[in-house]
Ligand code: MG
């Protein structure tokens, strides 16, 4: 079988497509640093991300099912690794910078609170008067301020390209192409004032590849985890255009296969179909719009790494099914409602009694005005893993729910 991507992309002397980001043309870091002799700036970003505390914490943070509920469910760490695997496949196929793509994929969920969106909802409510809580803005805050491991700067001092990919993964934040009508979160606006991230333009194809890989990963693995948890049966997939079609294909080919292997055969094909659809659609868009440089990508006026319209509808159908059958399933929902209360209660107690914060955090809380104290406690809470949040709740309250 021929490689059906390479003959459609002209590559430069470095093997990258003309529309790829070039590491030697990086716009650099907020704090200038000498170049590494052995690694590109994007390799260094990826390496700093992997060595960070926030990365290790992903291991004990909920994706959908509480992280310790079962050994085989996705955690935010394994989700992140799956996103990175898919994103790197796009980078190879489209001849993009693989290190930059990987760096953006590995950092994309850093800002998630304990207990996923339940924790985020709790913090967003508690911080409503002070600009709210947004996991994406928090990711930026972690890599630009909260990680404290380097002598000469707070954060990881990542390159412009990794940071813009993190911040603009859904598209521009301001201007005519802004994908959201919400104001720019204050933490992003404040950093942008120090180190402009071109919030009105689209991010690179590397960032777009990482973003769509997130959709592909969770729309597939949440079906898989839903099957494992018994919230969905294989036959239920018949209701879905994409997964149902694949189910029939697998059953026709392997009629006697056991349900576990059948499930896996469905999931691997599910990812492949989504990935191949995106590659074909993206190559078509790049050709139609005659995209020949990173600048063309930034000013394209739309996201270029995308599903075909048919596949986009199928992904939306899958997502609606997941909401109905998994995310809003009473078993999952009830756990998450209790988790939301745990995070909310911790917030209230620590704002009222900042002396109960651990060493370092409690000294830094002294004398802060209400707004900054609330953000300080929010930073502390959002960095917690699920297990640590429960341990803190046990330390500060008499009665802690058994979340499972
Ligand atoms: Mg994600």
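The values are calculated or read from the model by the stated rules, or taken from the named source; none is laboratory data. Owing to the predicted nature of the structure, the values given are computational and were not obtained by experimental measurement. Cβ placement follows ideal geometry from the backbone for every residue including glycine, while neighbour counts extend to all protein chains displayed.
Matching residues to (1) modelled with pLDDT under 95; (2) under 16 Å from residue 81 (Cα atoms):
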residue: 6; (1), (2): yes, no
residue: 9; (1), (2): yes, no
residue: 20; (1), (2): no, no
residue: 23; (1), (2): no, no
residue: 27; (1), (2): no, no
residue: 32; (1), (2): no, no
residue: 41; (1), (2): no, no
residue: 51; (1), (2): no, yes
residue: 65; (1), (2): yes, no
Away from the ligand (no atom under 16 Å from the Cβ), within 30 Å of residue 267 (Cα to Cα) and in a helix (DSSP H, G or I): is that true of residue 122 in this structure? no
In the set 266, 279, the lone residue that is under 13 Å from residue 223 (Cβ atoms) and in contact (Cβ under 8 Å) with a residue 12 or more places away in the chain is 266
What residue, among those in region 226-248 that are modelled with pLDDT under 95 and surrounded by fewer than 22 Cβ atoms within 10 Å (Cβ to Cβ), is farthest from the ligand (Cβ to nearest atom)? 230
Which condition breaks for residue 80 when tested against (1) surrounded by 23 or more Cβ atoms within 10 Å (Cβ to Cβ); (2) touching a residue at least 60 places away in the same chain (Cβ under 8 Å)? (2)
Number of the exception - residue 274 against (1) touching a helix residue (DSSP H, G or I) at 6+ places or on another chain (Cβ under 6 Å); (2) in contact (Cβ under 8 Å) with a residue 60 or more places away in the chain; (3) closer than 24 Å to residue 217 by Cα: (2)
Only unsatisfied item for residue 122, checking (1) crowded, with 24+ Cβ neighbours inside 10 Å; (2) within 23 Å of residue 326 (Cβ to Cβ); (3) modelled with pLDDT of 95 or more; (4) under 16 Å from the mean Cα position of the chain (by Cα), is (4)
Within region 207-225, can one find any residue that is on the phi < 0 side of the Ramachandran plot, crowded, with 21+ Cβ neighbours inside 10 Å, more than 15 Å from the ligand (Cβ to nearest atom) and outside any helix (DSSP H, G or I)? no
Residue selected from region 141-172 under the condition buried (at least 17 other Cβ atoms within 10 Å of the Cβ) and free of Cβ contacts under 8 Å to residues at least 40 places away in the same chain, by the criterion farthest from residue 42 (Cα to Cα): 172
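Is it the case that region 25-38 has a residue that's away from the ligand (no atom under 16 Å from the Cβ), farther than 17 Å from residue 211 by Cβ and not in a loop (DSSP other than H, G, I, E, B)?
Yes, that holds for at least one residue.
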Enumerated helices (runs of 4 or more DSSP H) restricted to region 44-111, each holding at least 1 residues that are closer than 21 Å to residue 389 by Cβ and more than 15 Å from the ligand (Cβ to nearest atom): 53-57
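For the condition more than 14 Å from the chain's Cα centre (by Cα), in contact (Cβ under 8 Å) with a residue 40 or more places away in the chain and within 16 Å of the ligand (Cβ to nearest atom), what is the one hit in 130, 115?
Of 130, 115, the one residue that is more than 14 Å from the chain's Cα centre (by Cα), in contact (Cβ under 8 Å) with a residue 40 or more places away in the chain and within 16 Å of the ligand (Cβ to nearest atom) is 115.
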Determine, yes or no, whether residue 298 is in contact (Cβ under 8 Å) with a residue 40 or more places away in the chain, away from the ligand (no atom under 16 Å from the Cβ), closer than 28 Å to residue 157 by Cα and surrounded by fewer than 14 Cβ atoms within 10 Å (Cβ to Cβ). no
